[in-house]
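Presented below is the structure to which this report refers.
The values are calculated or read from the model by the stated rules, or taken from the named source; none is laboratory data. Small disclaimer: the values here were computed from a predicted structure and weren't measured. A quick note on method: Cβ atoms are made from the backbone with ideal geometry, for glycine too, and the neighbour counts reach across all protein chains shown. SASA here: full protein model, heavy atoms, side chains in, ligands and nucleic acids out. Shrake-Rupley method; radii C 1.70, N 1.55, O 1.52, S 1.80 Å.
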Amino acid sequence: MLAYRSGIFPMADGRDDPEVFWVEPRLRAILPLDGLKLSRSMLRTLRRGRFTVTCNAAFEAVMEGCAAPRRESEETWISGRIAASYRALHAKGLAHSIECWQERPDGGRDLVGGLYGVGFDRVFCGESMFSRVPDASKVALVWLVAALRRGGGELLDCQFMTEHLASLGAIEMPQARYLALLKKAQRPVAGATGGAAGEGAAAGLAAGVGAVLGLPEAFAALLEDAKAAGSSSSPGNFIAQSFTHTS
């Protein structure tokens, strides 16, 4: 957590790499919470409710999905050692996941996309995302941004710029500028508890890592807001409206 608060993050050379190295990019990518770009097709996907979206319902499964081989590479930077560290952070209420599920005809559901990252104060450091069907990871990201906005978040770190992130509104800046934003956003959110494990969050505070971002609470508040908006308004439709009204 000290590394994240200092603007650096861990990586590994492969799944079986026993070593961890620390990265401080010269250029840093962030996604401004008021700058998310949604295409018309993405807004339709949200309104139609193609996916059921949850928070912290399958953290380890999301990590496994992010570490799975991809078309462009069989290798992953999410080593066994790194995965174990994030599982420990999740148990302490310091790491969170957003999941996208697709309903099956038999009443079950399949995990088809998601993302995970580390949250503290008004910061969320996105680590990785995955999709098994089109748009699943994008929907997870939209819900993350909406929850951060709802919960008083200020900084969404994307680490490295990609074409995919740029198309969604991410911007790139020198590391020094990122560090200034990071320092400013390290103010505790009033009433934040971390959600996943109250005792774990308390232990984190005792260890001096600061107040954790209340992402699970903010996510739950979004669902309550959608419910209060009327039974005809699905959560996805409510999220789409929240972005079209502020864009």
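Dipole magnitude for the chain: about 820 debye, using +1 per Lys or Arg Cβ and -1 per Asp or Glu Cβ, origin at the Cα centre. Between Gly114, Leu141, Thr244, the Cα set farthest toward the positive side of the dipole of the chain (charges on each charged residue's Cβ, about the Cα centre) is that of Thr244. Per residue, the chain exposes 48 Å² of accessible surface when a 1.4 Å probe is rolled over the protein heavy atoms with every protein chain present.
Give me the net charge for the shell around Tyr116: Cβ to Cβ below 15 angstrom, other residues only, Lys and Arg +1, Asp and Glu -1. The answer is -3. For the pair Glu163 and Arg87 in one chain, pulling the backbone fully straight at 0.36 nm per residue adds 24.5 nm over the alpha carbon distance. Backbone phi angles across the range 101-110, fed through the Karplus curve with coefficients 6.51, -1.76 and 1.60 (θ = phi - 60°), yield HN-Hα couplings of 10, 10, 6, 9, x, 7, x, x, 8, 10 Hz in residue order; Gly and Pro are listed as x.
For a Förster distance of 22 Å, can you work out the FRET efficiency between the beta-carbons of Glu224 and Thr52, rounded to the nearest 0.05? With R0 = 22 Å, the Cβ-Cβ based efficiency is 0.85. Computed from the Cβ-Cβ distance with R0 of 30 Å, the FRET efficiency linking Glu24 to Ala68 stands at 0.65. Which residue, Gly80, Gly169, Thr52, has the largest displacement toward the positive end of the dipole of the chain when charges sit on each Cβ (Lys, Arg +1; Asp, Glu -1)? Value computed over the given set: Gly169. To put it simply, the accessible area of the chain at a 1.4 Å probe is 53 percent carbon and sulfur.
Candidate cross-link partners of Lys183 among the lysines, defined by an alpha-carbon separation under 27 Å and a same-chain spacing of 8 or more, comprise Lys37, Lys92.
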